[in-house]
1. Answer yes if at least one residue in segment 164-177 is among the aromatic types (F, W, Y), buried (at least 19 other Cβ atoms within 10 Å of the Cβ), closer than 22 Å to G143 by Cβ and outside the structural domain of V276 (by TED's automatic domain parsing), and no otherwise.
2. If you check P96 against the conditions, is it of a type outside the set (S, T, N, Q), more than 27 Å from G244 (Cβ to Cβ), in contact with a Phe, Trp or Tyr (Cβ under 8 Å, 6 or more places away or on another chain) and loosely packed, with under 15 Cβ neighbours inside 10 Å?
3. Among the residues of segment 178-226, write down those that are over 20 Å from the mean Cα position of the chain (by Cα) and within 28 Å of R264 (Cα to Cα).
4. I'd like to know if segment 202-223 contains one or more residues that are β-branched (V, I, T) and at pLDDT 95 or above.
5. Can you tell me how many residues in segment 254-274 are more than 18 Å from V194 (Cβ to Cβ) and part of a helix (DSSP H, G or I)?
6. Any residue in segment 58-78 that is surrounded by 10 or more Cβ atoms within 10 Å (Cβ to Cβ) sitting within a Cβ distance under 7 Å of a residue that is β-branched (V, I, T)? List the pairs, counting only those 6 or more apart or interchain.
7. Just to be sure before I move on: is H136 assigned to a helix (DSSP H, G or I), more than 12 Å from A89 (Cα to Cα) and within 18 Å of the chain's Cα centre (by Cα) in the structure I sent?
Amino acid sequence: MATSEQLARWVAAGLIDSGQADRIKAFEATRVGREPPAARRVPVIAEALGYVGVTIVLVAGLLAAEPAWPHWSTGLRLMLIAAATAVLAVAGAAVPAGRDPVWRRLRGLAWLLSVVGLALFAAGLADWVWHLGDQHVALVTAGAATAYSLMLWLRHPIVPQHLALFVAATSLTGVVIAEPGVPSWWPGIGVWLVSATWLIAGCRGWLRPVAAALPAAGAGMLAGSELVIDAAESGSQEAVIAIGYLLAFAAIGGLLAAGIRLHRIGPLVVSAVGIVYFLPETARRYLPGSFAIPVAVFAVGVLLVALAVRLGRWRTGYPSAGERAGQG
């Protein structure tokens, strides 16, 4: 709102005349009277206490049900899981989607827990009722969670729904690939490829919010690399182990490039974690007993500090497409 002092300076500078200043002052005075009072924000401490209280209630319920759970009938167990899932889904839908971010976070948490509930229900149905094998139980569980998470993310594209969709989609990919007779390291390749595609889509602003898409994709790429390495180590497949490390460092490079290009701290943090985890492991495997391990870690640390200084001095212009999508 323009104050009297500001209007006086504008009149003195010749930007407006006195008549315009009077009309602006009268308009602002009437507008202030029509404005609704500012919405009351929920204190952060109250929100945190609410989450802690809900967590304690859930833990208490699980502890109370644990002794009797094996003695309950299959129908009763499925009914309880379904009821809890439905309550969480309806509670999330009932939360007002106002401007207060507290309500958005509350809705996201309720729907995230409902995804967990649906996955448990699908797993119980496939195992206790249909008596499917482990592979098909995992397939039904991941498929149901992916479909439901996609629906929630399309309705409410915030961080909890995005993470639920990513975890469900990558899990479904790994389960679909892990058929009998398939090399044990193929699921890790599948998870890596899906995560890499996710990273590219996030950089282009196709997956919202970008603040969740990039770190999640990076973590998925690193996890896929580790799955390849672990599976290959069990069969002593040195060539596949080398592929796993190459995938890990390709993921780290992609995350660094995405973080620098979009000025996002999330992918840079995930890349730093990947460096700390995979670089010493790689040096220990291929340069055992060498002084290169601490030197390499030190060099990477210096490089990251220099990068942080460079980013701190960088002056950004207009936000990129990925940044605009992340803000939307």
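The values are calculated or read from the model by the stated rules, or taken from the named source; none is laboratory data. Keep in mind that what you see is a predicted model, and the values were worked out from it rather than measured. Cβ atoms come from the backbone with ideal geometry, glycine included; neighbour counts cover every protein chain shown.
1. Yes: segment 164-177 contains one or more residues that are among the aromatic types (F, W, Y), buried (at least 19 other Cβ atoms within 10 Å of the Cβ), closer than 22 Å to G143 by Cβ and outside the structural domain of V276 (by TED's automatic domain parsing).
2. Considered against the rule, which asks whether it is of a type outside the set (S, T, N, Q), more than 27 Å from G244 (Cβ to Cβ), in contact with a Phe, Trp or Tyr (Cβ under 8 Å, 6 or more places away or on another chain) and loosely packed, with under 15 Cβ neighbours inside 10 Å, P96 comes out as yes.
3. I189, the sole residue that qualifies.
4. No: segment 202-223 contains no residue that is β-branched (V, I, T) and at pLDDT 95 or above.
5. Number satisfying all stated conditions: 13.
6. T74/V129
7. Answer is no for this residue.
Results for (1) among the small types (G, A, S); (2) surrounded by 21 or more Cβ atoms within 10 Å (Cβ to Cβ), shown as yes or no for each residue.
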{"position": "L214", "(1), (2)": "no, yes"}
{"position": "A217", "(1), (2)": "yes, yes"}
{"position": "A223", "(1), (2)": "yes, no"}
{"position": "A242", "(1), (2)": "yes, no"}
{"position": "L246", "(1), (2)": "no, no"}
{"position": "G253", "(1), (2)": "yes, no"}
